[in-house]
Amino acid sequence: MNGRTHEMTAAASAVALMHGADTKTLVVGSMVALMAGTLPDIDLLDNRKGKGLRMVSEVVKQSVIPIGMSIYYGSDIYQICAWITLCIILVLQPHRGFSHSLWCMAMMCGAFVWLTDQTYATWFLIGYGSHLALDLLNTKNVSLFYPAGTCMKLVKAGGLADDIIGVISAAVFTILVLLRFADIDLIKEVVTALNGI
């Protein structure tokens, strides 16, 4: 799947599943989910010119939100260095390898919570998990239970289905957020209606 699809699916999934959060948590949590939704692809490098620069940009991209939050929560410099070190290790891995595993998801969530606060752990896990779930639909293997690889071979990355999933996710995210700011919790309303049946 392309990055935009991962970002929007992560944010939409998090807002849908964490619909009861207050506004501040909703906004920050959505950013955390969006970041975590792209984190597994930190290992997405190729052999074109500028590989070293791309590695640096990936580490920076995946560190902005965690480091910004860590400053708010008063983390120590060694915690920030630990996060950056983990990102550097992951950026050097083969694509769809360890970073696409449940083990890496648990490790990076633990590092994120240690760096920031446990308030956003679920948001992080939803974002990261949505990435793994989407990539399982792909035609290329994902090392969900590293080192073993598996896939469903249903969707080609960059194809029409990828774009459709991204557009639907963006629409769901936008609708849920707009309704939420209008004090309408659509998910709660649907769940209540289903319980009444």
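The values are calculated or read from the model by the stated rules, or taken from the named source; none is laboratory data. This is a predicted model, so every value here is computed, not measured. Every residue, glycine as well, gets a Cβ built from its backbone with ideal geometry; the counts of neighbours run over all protein chains shown. Accessible surface is based on the protein model in full, side chains and every heavy atom, while ligands, DNA and RNA are left aside. Shrake-Rupley method; radii C 1.70, N 1.55, O 1.52, S 1.80 Å.
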Checked pairs for the range 159-171, first more than 14 Å from Thr139 (Cβ to Cβ) and in contact (Cβ under 8 Å) with a residue 24 or more places away in the chain, second open to solvent by 30 Å² or more (accessible area, probe 1.4 Å) and in a helix (DSSP H, G or I), C-beta under 6 Å and 6 or more apart or across chains, list as Gly166/Arg4; Gly166/Met8; Ser169/Met8; Ala170/Met8
Residue satisfying all of: in the range 97-151; charged (D, E, K, R) and open to solvent by 30 Å² or more (accessible area, probe 1.4 Å); nearest to Ile80 (Cα to Cα) among these = Asp117
Would the range 88-100 turn up any residue that is at pLDDT 90 or above, closer than 29 Å to Asp185 by Cα and not polar (S, T, N, Q)?
-> no
In the range 141-197, what residues are of a type in the set (S, T, N, Q), at pLDDT below 85 and within 30 Å of His95 (Cα to Cα)?
-> Asn141, Thr150
Report yes if some residue within the range 176-194 is within 20 Å of the chain's Cα centre (by Cα) and within 30 Å of Tyr72 (Cβ to Cβ); otherwise report no.
-> yes
Output the number of the condition that Thr116 fails; it satisfies all remaining conditions of (1) more than 15 Å from the chain's Cα centre (by Cα); (2) on the phi > 0 side of the Ramachandran plot.
-> (2)
Residue check: is Ser75 of a type outside the set (A, V, I, L, M), surrounded by 14 or more Cβ atoms within 10 Å (Cβ to Cβ), at pLDDT 85 or above and in a loop (DSSP other than H, G, I, E, B)?
-> yes
Does Gly52 meet the test of being on the phi > 0 side of the Ramachandran plot and loosely packed, with under 12 Cβ neighbours inside 10 Å?
-> no
Does any residue of the range 150-163 turn out to be farther than 24 Å from Thr25 by Cα, part of a loop (DSSP other than H, G, I, E, B) and out of contact with any strand residue (DSSP E or B) (no Cβ under 9 Å at 6 or more places or on another chain)?
-> yes
